[in-house]
Each structure stands twice: as structure tokens, then as C-alpha cells.
Amino acid sequence: MGRMADVEKQTKPTGWAVPRVAGPVLVALAATVATVATLAPEGRGPGVTCDEMYHVMVGKRLVLGLRQQGVGFFARRNIERNFPWSPDGPPVHPPLGNWVLGFVHHGFDVAPDDPQAVSILPARFAPALAFGLLVLLVGLWTTRAEGPLAGTVAAAAVVLVPRVFGHAHLAALDMLTALVFVGAVLAVASAEARGGRAGRYGLAGVVWGLAMLTRLHGLLVLPPVVVWLAWRLRRRAVLPILAWTAAGVATFFAGWPWLWLAPIAHLRQLLGSATARQAVHVFYLGRVWADRDAPWHYPLVMFLVALPIGLLLLGLLGVWAGRRTGKAKPGYVLVVATLLFVLLVFAWPGAPVYDGVRLFLMVFPLWAILVGVGAKWVVEHSAWKRVAVGWRVAAVGLFVAIQGAGLVLYHPCQLSHYSLLVGGLRGAEKLGFEVTYWGDAVPESFLAEAAWRTRGEPVLFAPSLAYFQLEGVWRSSPALTEKAGIDGRVPLAGWERGWSEPPPGARYAVLFHRKSELEAPGAMPRHLWSTRVVAERTRQGVWLARLVELPSAAGQGGLPGAVSRPGGISRPGGISRPGGR
């Protein structure tokens, strides 16, 4: 009984003394440092991905508008200018995530008054810091609810999911969305645990409003919270629900001037643009699907195979440990209910799903809380009560640490990670899963080698998912834009759907292995990217990115849609040959 009492001392939530929060704080600091140290696409970080340039450009435009217009930013004519959403334009995005990216980018901006001077690397500090805050938030909340052991493990479980760590490097909305989404859920749980006054629910509602201002995903917090409050408080739930809802909706409207102009019409445009858009291809179970036609089990399967198998096991034990809802800690049921609700929404027939787990990234920090609960349950289990508490904690800690092997083995291509549940990336490819999807696997060394070999001729990039992807890759490549050497231009152009042969003047192509595009109708013919391989990046024997030499094409000339400006080329060093890293 003495040993078990020691465990209870370690895990019983009693306050915020420094030793209790030391574990989550140290894990969050280590996660932030590790992310910041591996941000640069031309260094040890992932390559530039599809959406980064777009979101950073929007963010800079907003910050520049605020700086130049001052209070006039909120005048009607400037609102229409600063938020140029049109019914036939791109999908509408709430602005908070772009604001964050824009302000962080502004802190490093060498040309703050030039709207075209945009760099992706500075903006990547925003998701890196958001990741550290997310780790800290999950760790501290779990510490308060379940004790320091569970809190430290929960914080580590956020970090050790490779795809979550990978998205922490990318200047897009996904990590920011995960932070405010999880924050909104835990804020409601904390309000209930701390006495349930209307003011506390109002503050939690503000956090929910920030989640909606970051991305439409914030709406998914509403149903589980309302149901949970009604279940917990019964008749007393009316005032808390009203306070929380009113504060959230007010924050959402107050933070988005575009809604002020025509609230109903613009809300309809917001909700409509989320679904009325061109379908995105997704590769799953060995074939290409439109995002709305993918099998219902896609998000459930992807969630399971993206988790390191040890974290999956500990999370299941956490579910088992808290299975009696009447005795569960405050907020535990809300965490589980929100996690399940998000997965069920994306599993609903017709719901668009693509890009791995990116759209429902927020479920992993919620699962991390269950991992912490499961780790505590294992340490306290009577099956090894004769073993000293320290040894039990050390054994569980070592088991959790081992789950981080994927972070190292896949770096910097963590978005290609699959767990041992399907045999890793090699097994996943055999089973028909997508191996990479956003361009993060393309290293600067491939662009540098292509620039040196072409001597200023066009370099093809495929698959080209959007024009701003090419812009981002080109601007972030020193080899294409900055290095001294041969005078001239180094254009970067996307492969146009429907081409059967390379266009004149293109001798080399850089590709990433997004099967949903490379194997879709009208894509680059297989023989062009599978024969003359100059260099490739692989993981577990599966190629993720390649530099290929194209068959000679008659004539010379520019390519449609090429991105270029005067630049120089120098011979790169350390180029990876086929089969290399």
C-alpha cells in the first residue's frame, strides 16, 4: 500500500506548484526548439508546400493594409479592398490564421511596404510557436486533471506523432487551427471544473470564437460542447450555454470586418464556398478518388495508422480507464466526445477528405490526453505493485520515448509517416495508401542540381497543385533566385494536365510522389518520371521526390505559367543520388 500511496502523491491533482508543471513545460520548450531548428526549406526543414505562399501573402496584405490605413482599415471601402472575397473567387477563409502568419512574417520583413516581397521561412515561426503552446496547453490541462505523470506523457504524446510534428513546420492554417480548436474544448472543460460561473463560460466562448475566426472547423466544437453541458448540468445548463454561445458568436463577428458588410449573405458565401469548389483528388486503397467520394472509413483508418502504435495502445488504455462516465474527471467525456464527433463528421458520406490527416489534425492532441490517462493507469496498475514506483515510471517513460523513432527516421518528411500497424511507409504503399501529398519531400538540393544542369532553361515541377505553390517553391529556393554564377533566368513551371510530352526547352523535372495526381487521368506519363532518374529522396525504399531528366524536346522557348526573375546558378554540393536520403 505504501508504494501505491507514492503513486497517488505523484498523480493526484492538487495545484500548480512548479514541480508539478515542470514536465509539460520542459517538453513544450524542447518541442519548440526542435521545430524552430528545422524550419528552413533550404536547410534541415521540409520543402515548401502547396498552401504556404497563399496564406502568407494574404497575411502580409492584411498587415500592410492595417499599417497603411490605420483606423480607416475598418471603413467600408477598405473592408471591401482588404477582404476581396467574391462569390466566384477562391474559398473564403476566416482571417485570424492569416493575421498571425502576417504579423510573424512582419517581424522579419525586410521590405514591409512591398506586397510582393514575401518569404515563407519567417512565417513558419508562427506554427512552430503554436505547436509549443499546444503541447504546453495539453500538458498543463492533463496535469491539473490527472497529475504530473499523465500531464508529461500527454505533452510528449502531442510531440511524438510525426505528422503533427511535420505540420508544425508549415506556414499554413493547420497547426494554428489545432491550437485554438483544442483550446476551445479545454476552456469549456476548465470553466465547468472551476465552478461553472457564467463569466468563465463567457471567456471559454471567446476562445471558441477565435477558433471559428481561424478556420471553419471551429464550428465543430459547438455540438459536443452543448450536449456535454446539457448532460453535466441538466436544467442548469441553459445560462452556461447561452453565455458561451453568445461570447463565441460575438467574438467571431467582431473579429471579421468582412461579415459586418452583409452578415447573412457573407455567412452563406462562407458556408457555400467550403463545399462548392473543385474536387481534390485523394489516393486511398490503391485508387484515385474525388475527395467527396472517398470511402467513409478514410478518416478513421488514417487516424489509426498515423499514430505510433504505442501511443495508440496507451490511448486505448486511457479510454478503458475512464470508461465509467459517472466517475470520470471533469472534461474527460468532453474530450472523448469531441474527438469522436470530429472523426464522425469527416466520415459522413460526402464530406471532403484528402491530404492525409491534415483536415482533422486536432484529434491527435485530444488523443494525447487519453494517452496520458492510459500511462497513469499503467503505472498504478496492481499487476506490478511490487515494483518500485520509480522503475514503473521509468519503464513507461522509456516506452513513450521509443514512440518518437518516426520523428527521426522520417525527418524532414514526417507527413509520409505510417505506423507499424500497416508496416510503415513501405507497407502502406503496398496497401494502396498515399505516400506524400504536399511537396514537403522536395529538397533544395534537387532544385539546385536542376538549376545547374539546365543553365537557365525551364525546370518543370509536378504535380503542380496551384500557381501559388510554384511561386512559393521558386521564391524559397536560393539556387533559382539568388546564387551568383551564370547570368540569366531559371524559370519554374508546372506540368499542365493533358500534356503527353515535355514542352520545348524543358530538360529536367522535379517531382513529388503524390499518387492521386501522378496517377490521375491527364497526369505526366509514367515513363517520363520513372526512367531517367538523376536523384531521389526515399524513405523505407519508397521514393518521395525525384529529379528526372526528360527526353529531348524539339525547339527552345518559354513555358506557359513559368515563374522566374533574373538569377544565377552555381553547382550544388551534396546532391542525393537515386536511393539516397
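Points to keep in mind about this one:
- Residue-count net charge about residue 353 - beta-carbon cut-off 13 Å; Lys, Arg +1, Asp, Glu -1: -2
- For residue 228, the accessible area of its heavy atoms, probed at 1.4 Å with every protein chain present, is near 10 square angstrom.
- Taking only protein heavy atoms and a 1.4 Å probe, the accessible area of the chain is 64% carbon and sulfur.
- The three principal axes of the Cα atoms in the chain give end-to-end lengths of 82, 61, 44 Å, sorted in falling order.
- Loop trypsin sites (Lys or Arg not before Pro), region 176-273, which have at most 16 other Cβ atoms in a 10 Å radius of their Cβ (DSSP): 194, 197
- Förster radius 56 Å - calculated FRET efficiency between residue 261 and residue 532 (Cβ-Cβ, nearest 0.05): 0.55
- Area accessible to solvent at residue 81, 1.4 Å probe radius, in Å²: 150
- Potential lengthening of the chain between residue 242 and residue 345 amounts to 34.7 nm, from the contour at 0.36 nm per residue minus the alpha-carbon distance.
- The order of 339, 271 by accessible area, most exposed first and with a 1.4 Å probe, is 271, 339.
- Total lysine pairs whose alpha carbons fall under 14 Å of each other in the chain (8 or more apart, or interchain): 6
- Multiplying the residue separation of residue 278 and residue 117 by 0.36 nm and removing their Cα-Cα distance gives an extension gain of 55.0 nm.
- Note on region 184-333: semi-axes of the ellipsoid equivalent to its C-alpha gyration tensor, largest first and rounded to whole Å, are 30, 28, 11.
- Surface calculation, 1.4 Å probe, protein heavy atoms: residue 114 sits at approximately 70 Å² accessible.
- Of the residues 79, 241, ranked by 1.4 Å probe accessible area with the largest first, the sequence reads 241, 79.
- For region 40-194, a Kirkwood hydrodynamic radius built from all Cα pairs, placed in the Stokes-Einstein relation at 10 °C and 1.306 mPa s, yields a translational diffusion coefficient of 92 µm²/s.
- Among beta bridges identified by DSSP and lying wholly in the chain, the antiparallel ones come to about 70 percent.
- Ellipsoid equivalent to region 308-451 - semi-axes via the Cα gyration tensor, in Å: 34, 22, 12
- Distance histogram for region 262-314 (every C-alpha pair counted, 5 angstrom bins, percent rounded to whole numbers): 4, 15, 16, 15, 13, 13, 10, 9, 4, 2
The values are calculated or read from the model by the stated rules, or taken from the named source; none is laboratory data. Remember, it's a predicted structure, so these values are computed and weren't measured experimentally. Every residue, glycine as well, gets a Cβ built from its backbone with ideal geometry; the counts of neighbours run over all protein chains shown. The accessibility values were calculated without ligands, DNA or RNA, using every heavy atom of the protein model including side chains. Shrake-Rupley method; radii C 1.70, N 1.55, O 1.52, S 1.80 Å.
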